[in-house]
Amino acid sequence: MEMEDKPGVSAPATGHETKTPYVSLVIPVYNEEENLMALHQRINQTMRDCGRNYEVIFVDDGSADRSWSLLNEIFELDKEHAVIVQLNRNYGQHLAIMAGFEKTRGQIIVTLDADLQNPPEDIPKLVAKIEEGYDTVGGWRGNRQDSWLRTLPSHLVNRVMGASIGGAIRDSGCMLRAYRKEIIDQINKCPEATSFIPALANSFAGRIAEIEVGHSAREKGQSKYNLFRLIQLNFDLMTGFSLIPIQAVSWAGVIIAILGLAFAGFLFLRRLIIGPEVEGIFTLFAILFFFVGIQILALGMVGEYVGRIYREVRGRPKYVIRQMLRQDGSSRGTCE
Ligand code: UDP
Ligand code: MG
């Protein structure tokens, strides 16, 4: 998208003279009962100081704890700013954010986690950067406060992503990010159900900025990502944005076939010159197992793409919103 000569977002509607939000915060919530109240309080403080009209869209991603009733409380306390969306079950962080995107009304959209690992106090920095004229602003965590069990897989995700989509994102695991409304409008048009929002957004953006943001250790509750979910996310990322992995598998197949042929030629010559070989049978097994492994991997790789294609062509709703609480009174459930 050509954005070069597009001016920054038009004059911020500061003050409270108009009710239309200028900044929309989108926060996925999955079993965060211990963090919600503090989060809401810190957001309110920050946004009041920042002097922009705003709304906070909490998306309850099928929480099983008290999150939903706390969100209701937050709504009662702060009808002016809070918007609560409830999904009918757990869909995962990225789809929850997508559901929130659909309800945004602001010119600038900011995502952050509910667990207070992303300091809400950094929001004005992101907003200011978008106002400078950038389409997306990504945060990267200068002092990441997670255990190595959590950072190691992320490091791998960043590496794989760097290789498959060109490495435009410095810290893909950091969800403290801001987007211009036009980018979110494009994302809202995307029917794909398996996606990775920062990469999707950047694919629509002309001007991308990245700034350092703070990071705290998770004090309450647990990380919802285990190794399995991270691998799944990584596959979404690779298959969603690049054909390189599957092409690499084809190329590996071609190279292995050539090597195998050369090896056969070598054995044939050896037979003519030195005579038939009898030993080395186990070497052969070793080689065989190696290639069998590669074949299974290749099949799996194809399967990952096919599975995702299947899911997309079925075209089932990405998520189902059970209800929404918003001051204008809309609380209807919708299918997306
Ligand atoms: N989250 C969600 N649905 C899920 C998993 C997580 O909405 O299925 C939310 C979670 O409540 C939090 C954010 O996504 O606001 C990030 O999750 P978490 O802190 O567990 O991830 P990590 O910080 O370990 O990357
Ligand atoms: Mg976290």
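The values are calculated or read from the model by the stated rules, or taken from the named source; none is laboratory data. These figures come from a predicted structure and were not determined experimentally. When we count neighbours, we look across all protein chains shown, and the Cβ atoms used for this are built from the backbone with ideal geometry, even at glycine. We work out accessible area using only protein heavy atoms, side chains counted, and drop any ligands, DNA or RNA first. Shrake-Rupley method; radii C 1.70, N 1.55, O 1.52, S 1.80 Å.
Looking at region 90-101, is at least one residue within 15 Å of ligand 1 (Cβ to nearest atom), of a type outside the set (Gly, Ala, Ser) and surrounded by fewer than 19 Cβ atoms within 10 Å (Cβ to Cβ)?
Residues of region 90-101 within 15 Å of ligand 1 (Cβ to nearest atom): 90-101.
Among the residues that remain, those that are also of a type outside the set (Gly, Ala, Ser) are: 90-91, 93-95, 97-98, 101.
Checking which are surrounded by fewer than 19 Cβ atoms within 10 Å (Cβ to Cβ) leaves us with 90.
Scanning region 90-101 turns up at least one residue that is within 15 Å of ligand 1 (Cβ to nearest atom), of a type outside the set (Gly, Ala, Ser) and surrounded by fewer than 19 Cβ atoms within 10 Å (Cβ to Cβ).
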Residues of region 200-228 being touching a Gly at 6+ places or on another chain (Cβ under 8 Å) and within 16 Å of ligand 1 (Cβ to nearest atom), in sequence order, are Val213, Gly214, His215
Please verify whether Asn202 is of a type in the set (S, T, N, Q) and under 28 Å from Gly106 (Cα atoms), treating the condition exactly as stated. yes
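Looking only at region 19-46, how many residues end up being in a helix (DSSP H, G or I) and in contact with a helix residue (DSSP H, G or I) (Cβ under 6 Å, 6 or more places away or on another chain)? Walk me through it before giving the result.
Residues of region 19-46 that are in a helix (DSSP H, G or I), as a first pass: 36-46.
Add one more test, that the residue is in contact with a helix residue (DSSP H, G or I) (Cβ under 6 Å, 6 or more places away or on another chain), and what stays is 36, 40, 42-43, 46.
Number of matching residues: 5.
Quick check on Asn72: is it open to solvent by 30 Å² or more (accessible area, probe 1.4 Å), under 21 Å from Val213 (Cβ atoms) and more than 18 Å from the chain's Cα centre (by Cα)?
Working: open to solvent by 30 Å² or more (accessible area, probe 1.4 Å): yes; under 21 Å from Val213 (Cβ atoms): no; more than 18 Å from the chain's Cα centre (by Cα): yes.
No; evaluated as a whole, the condition is false for this residue.
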Can you spot a residue in region 23-45 that is surrounded by 24 or more Cβ atoms within 10 Å (Cβ to Cβ), small (Gly, Ala, Ser) and at pLDDT 95 or above? yes
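When you scan region 176-198, how many residues do you find that are under 21 Å from Arg144 (Cβ atoms) and either open to solvent by 20 Å² or more (accessible area, probe 1.4 Å) or within 16 Å of ligand 1 (Cβ to nearest atom) (or both)?
If we filter region 176-198 for residues that are under 21 Å from Arg144 (Cβ atoms), which is where we start, we get 176-178, 196-198.
Subsequent filtering for residues that are either open to solvent by 20 Å² or more (accessible area, probe 1.4 Å) or within 16 Å of ligand 1 (Cβ to nearest atom) (or both) retains 176-177, 196-198.
The number of residues fulfilling the criteria is 5.
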Can you tell me which residue is least open to solvent (accessible area, probe 1.4 Å) among those in region 133-150 that are touching a residue at least 12 places away in the same chain (Cβ under 8 Å) and of a type in the set (A, V, I, L, M, F, W, C)? Val137
Among (1) modelled with pLDDT of 80 or more; (2) closer than 18 Å to Ile309 by Cβ, where does Ile273 come up short? (2)
Which residues, counting only those in region 208-218, are open to solvent by 40 Å² or more (accessible area, probe 1.4 Å) and away from ligand 2 (no atom under 16 Å from the Cβ)? Ile208, Glu210, Glu212
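Just for strands (runs of 3 or more DSSP E) wholly inside region 77-191: which have at least 1 residues that are under 15 Å from the mean Cα position of the chain (by Cα) and within 18 Å of Ile57 (Cα to Cα)?
Ranges flagged: 108-111, 177-180.
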In region 113-127, the residues that are within 16 Å of ligand 2 (Cβ to nearest atom) and touching a strand residue (DSSP E or B) at 6+ places or on another chain (Cβ under 6 Å): Ala114, Asp122
From the residues in region 102-132 that are farther than 15 Å from Tyr179 by Cα and in contact with a helix residue (DSSP H, G or I) (Cβ under 9 Å, 6 or more places away or on another chain), which one is most open to solvent (accessible area, probe 1.4 Å)? Glu121
